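Presented below is the structure to which this report refers.
The values are calculated or read from the model by the stated rules, or taken from the named source; none is laboratory data. Since this is a predicted model, take the numbers as computed values, not measurements. As a convention, Cβ positions derive from the backbone with ideal geometry for all residues, glycine included, and neighbour counts pool all protein chains shown. Only protein heavy atoms, including side chains, enter the accessible area calculation; ligands, DNA and RNA are left aside. Shrake-Rupley method; radii C 1.70, N 1.55, O 1.52, S 1.80 Å.
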Amino acid sequence: MAAASFRWILQLHKDVPKAANFYSQGLDFTVNVCTHRWAELHSGDLKLALMQSPNDHVMQKGYSSMLSFVVTDINTTVTKLMALGAELDGSIKYEYHGKVAAIRCLDGHVLGLYEPA
């Protein structure tokens, strides 16, 4: 099995297009995708994803930036991380583009996992 590779930094925002504009206009990020709920930007090798915050959880629930990783086998990775003390935040989702899951590490930080279809 190959090692996990870094995918992007994810931030939750109340207004994704406004946040994408902020990074694009203020910091010269290139906007690759931008919808009401999702945006993907880059600056050099840095990849930044912006997602609409569900129910204003940005401040209420303590959500912050998330590290997202591409993995070859999400089930094995989740099992391994949980054995090390992580908690699955919700369930593994089966999307048309692949499987996704959120894991809270020992300190409560969220790690996003993605297994492409």
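Note on A3 and N75: the model spin-label points, each 7 Å out from Cα along the C-beta direction, lie 2.7 nm apart. Here the chain carries DSSP beta bridges of which approximately 75% are antiparallel, counting only pairs with both residues inside. On C-alpha positions alone, give me the angle between the axis of helix 16-27 and the longest principal axis of the chain, in degrees, nearest 10. On a 0 to 90 degree scale, this one is about 70. Its DSSP H runs of at least 4 residues, each contributing -39,500 (n - 2.57), put the calculated 222 nm mean residue ellipticity of the chain at -6000 deg cm²/dmol, to the nearest 500.
Were the residues from D15 through H36 laid out at 0.36 nm apart, the gain over their Cα-Cα distance would be 6.8 nm. Assuming a ≥ b ≥ c are the square roots of the Cα gyration tensor eigenvalues, decide whether the range 1-57 counts as rounded (a/c under 1.5), prolate (otherwise, with a/b larger than b/c) or oblate. Oblate shape, in that a/c is at least 1.5 and b/c is the bigger or equal ratio. For the chain, the longest principal axis of the Cα atoms and the long axis of helix 74-83 meet at an angle of about 70 degrees.
Cross-link partners of K80 among lysines, defined as those whose alpha carbon lies under 22 angstrom from its own and excluding same-chain residues fewer than eight positions apart: K93, K99. Net length available on complete extension from S91 to S24 is 20.8 nm, with 0.36 nm assigned per residue and the Cα-Cα distance removed. Simple point charges give the picture: +1 on the Cβ of Lys and Arg, -1 on the Cβ of Asp and Glu, and for the chain a dipole about the Cα centre of about 120 debye. For the chain, the carbon plus sulfur part of the accessible surface works out to 55%, probe radius 1.4 Å. Peptide packing for 94-104, 26-36, 7-17 was compared via the average number of neighbouring C-beta atoms within 10 Å per residue; ordered from the highest value, the list is 7-17, 94-104, 26-36.
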